[in-house]
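Report on one structure; see the data block that follows.
The values are calculated or read from the model by the stated rules, or taken from the named source; none is laboratory data. Here the structure is a predicted model, which means the values were calculated and not measured. Quick reminder, even Gly has a Cβ in these numbers, built from the backbone with ideal geometry, and neighbours come from all protein chains shown. Heads up: the accessible areas ignore ligands, DNA and RNA and are worked out on the full protein's heavy atoms, side chains in. Shrake-Rupley method; radii C 1.70, N 1.55, O 1.52, S 1.80 Å.
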Amino acid sequence: MACTVVLITGCSSGIGLHLAVRLASDPSQSFKVYATMRDLKTQGQLWEAARAQGCPRDSLETLQLDVRDSKSVANAQACVTEGRVDILVCNAGQGLLGPLEALGEDAVGSVLDVNVAGTVRMLQAFLPEMKRRGSGRVLVTGSMGGLMGLPFNDVYCASKFALEGLCESLAVLLPPFGVHVSLIECGPVHTPFMQKVLGGPGWMLDRTDTRTRRLFHQYLQHNKEIFREAAQHPEEVVEVFLTALRAPKPALRYFTTERFLPLQQMRLDDPSGSSYVAAMHRNVFPKEPAEAEAGAGAGGVGDPELGDTLAAPQ
Ligand SMILES: NC(=O)c1ccc[n+]([C@@H]2O[C@H](COP(=O)([O-])OP(=O)(O)OC[C@H]3O[C@@H](n4cnc5c(N)ncnc54)[C@H](OP(=O)(O)O)[C@@H]3O)[C@@H](O)[C@H]2O)c1
């Protein structure tokens, strides 16, 4: 029987790495995995994990693929010796954290390029062949940040919201072509993502006001707690990818955790957005008033008390 050819972006670490190794070491030995990464110098960890899992030698191959560069996408595609990709996993992603006014133009451009345009590039390259063949699956690593706005994640959320629109639109079109698109909606996951995130506590915070800096500090504490309480192991998340790719009729969305579904439900129940905005504000900033009080402005830019802590590099 012909093997199932899978190509995954962003396999140097985290979810992509775990998914590549999980599929390549599947007991069915039915997958051929192309684990791609933008810099092949970072492939060591993947091979270490593959060895530990006893992946058969020809089940896993690495390819250079930078989703920001269509030539690199085309080169990787040309290296797929089977001449087809049955399952495309658009997983590469970059985070960006901080008050909007403190974000550099390059960082904003980079996150939108990787997360949004990068996914579009991958789909433009691989969908036509799937449509011609009348079969194929696309899995996209989504995020709770693509379903609900999160303070200080404005641009990251914008990029992940964009993926929702992209995938939902394609999911309407593609089933008659035998092609299915699914989003794997992740909550917090223990990966190097937060270490690689652009921005962070010390990032150009002199560009923002004292009050915003204080709220950012509160957000970072909140984020730490959420990760401590709720972050999943990538192996748990990878099982949800497997559920999606084995489903006879794949759904558009799969959730790796139910923890955030009540908030998602609140957004659907009150389309005005007011209930969600108030609930999230209470959640993240429990001590802050939800509405501006008379005379409460932004404050100055130089808060000597907070300055040192917030300026510390992450
Ligand atoms: N971890 C979480 O809490 C979480 C939650 C929700 C959604 N997600 C999503 O999960 C996906 C995977 O993230 P992760 O958590 O596994 O973090 P990760 O370990 O940082 O993985 C991100 C991967 O994307 C790659 N990447 C970045 N820019 C790229 C580019 N231009 N071309 C190709 N690859 C590129 C990274 O490569 P380098 O090593 O070269 O940077 C890395 O391999 C992302 O889409 C992220 O948005 C993560």
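Values computed for the structure shown
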{"read-out": "For the range 159-275, alpha-carbon Rg over 2.2 N^0.38 Å", "value": "1.33"}
{"read-out": "Euclidean distance of C-alpha centroids, the range 1-79 and the range 195-261, integer Å", "value": "24 Å"}
{"read-out": "Rg over Rh, two decimals, the range 116-227 (C-alpha only, Kirkwood Rh)", "value": "1.10"}
{"read-out": "For the chain: accessible area per residue (Å², 1.4 Å)", "value": "48 Å²"}
{"read-out": "Principal axis dimensions, largest first and in whole angstrom, of the range 28-135 by Cα", "value": "50, 38, 22"}
{"read-out": "Dipole magnitude of the chain about its Cα centre (Cβ charges: Lys, Arg +1; Asp, Glu -1), debye to nearest 20", "value": "1020 debye"}
{"read-out": "Convex hull volume per residue in cubic angstrom - Cα atoms of the range 52-194", "value": "128 Å³"}
{"read-out": "Pair L268, E168: separation of 7 Å Cα→Cβ label points (nm)", "value": "1.1 nm"}
{"read-out": "Average projection area in nm² (convex hull over Cα atoms of the range 1-89, one quarter of hull surface)", "value": "5.3 nm²"}
{"read-out": "Whole-percent carbon and sulfur share, accessible surface of the chain, 1.4 Å", "value": "54 percent"}
{"read-out": "Subset of K32/K249; K160/K224; K71/K131; K196/K287; K41/K71; K71/K249 violating a 28 Å alpha-carbon distance limit", "value": "K196/K287; K71/K249"}
{"read-out": "Radius ratio Rg over Rh of the range 4-260, counting only Cα atoms, Kirkwood formula for Rh", "value": "0.97"}
{"read-out": "Per residue convex hull volume, Cα atoms of the range 57-106, in Å³", "value": "120 Å³"}
{"read-out": "Where E82, E101, E235 fall by accessible area, highest first, once all protein chains stay in place (1.4 Å)", "value": "E235, E101, E82"}
{"read-out": "Options S12, A76, L166, ranked by Cα towards positive dipole end of the chain, top entry (Cβ charges)", "value": "A76"}
{"read-out": "Estimated distance in nm for a label pair at T243 and R84, the labels positioned 7 Å out from Cα along Cα-to-Cβ", "value": "2.8 nm"}
